[in-house]
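Participant: There's a structure below that I have some questions on.
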Amino acid sequence: MPRPDAVRRVKSYSAADGYVYQYYFFEGNRAQRSGSPGGEFTYAISTDRRSAFPFKIFVKQSALDAWAKLNGRPLTSSEEYAVAKMRLFQAFDEGSVQAPPDGQQAAEVLVDESNLEELLKQLGI
């Protein structure tokens with residue numbers, strides 16, 4: 001028997017740039033970018049309520065490892081997801097979330113050593 005499609009909870013975000021985005025979490029995977037491992041979080045984004053496009057957040061494993069070494073514990077998978085979501089909100093506020101041109105790969109932003117601590121601070125971690 002085929003598995004039913006997952007029910008997606010669509011959420012809204014009112015960004016600092018004046019746009020209201022609708023989004024939902026699509027999937028998370030372990031992946032690599034330029035030989036660096038990390039977590040890839042894909043969101044489906046809509047700016048017009050008619051069409052959606054993928055947008056990816058890549059959380060570099062090296063940033064997670066450095067944080068774990070400094071703090072004596074690794075981030076949980078829920079905390080890593082929360083960091084990715086905060087980075088998504090930051091991308092909304094910056095106005096950098098846009099549909100890719102036809103035939104192009106999904107746009108992407110990074111969580112790395114330069115911004116991980118600030119994102120965790122916003123979460124109270």
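Participant: Tell me, which residue of the stretch 30-88 that is within 25 Å of A16 (Cβ to Cβ) and over 16 Å from the mean Cα position of the chain (by Cα) is surrounded by the fewest Cβ atoms within 10 Å (Cβ to Cβ)?
Facilitator: Looking at residues that are within 25 Å of A16 (Cβ to Cβ) and over 16 Å from the mean Cα position of the chain (by Cα), I get R50.
Participant: If S62 meets every condition in (1) within 29 Å of S14 (Cβ to Cβ); (2) of a type in the set (S, T, Y); (3) assigned to a helix (DSSP H, G or I) apart from one, which number is that one?
Facilitator: Looking at each condition in turn, S62 falls short on (1).
Participant: Can you pull out the residues in the stretch 65-94 that are small (G, A, S) and not in a helix (DSSP H, G or I)?
Facilitator: Matches in the stretch 65-94: G72 only.
Participant: Quick one: what pairs do we get from the stretch 21-45, first residue over 15 Å from Q105 (Cα atoms) and among the hydrophobic types (A, V, I, L, M, F, W, C), second assigned to a strand (DSSP E or B) and at pLDDT below 90, C-beta under 8 Å, 6+ apart or different chains?
Facilitator: Once the first residue is over 15 Å from Q105 (Cα atoms) and among the hydrophobic types (A, V, I, L, M, F, W, C) and sits in the stretch 21-45, no partner that is assigned to a strand (DSSP E or B) and at pLDDT below 90 comes close enough.
The values are calculated or read from the model by the stated rules, or taken from the named source; none is laboratory data. It should be emphasised that the depicted structure is a prediction, and the values quoted were computed from it without experimental measurement. Ideal geometry is used to build each Cβ from the backbone, glycine not excepted, and the neighbour counts take in all protein chains shown.
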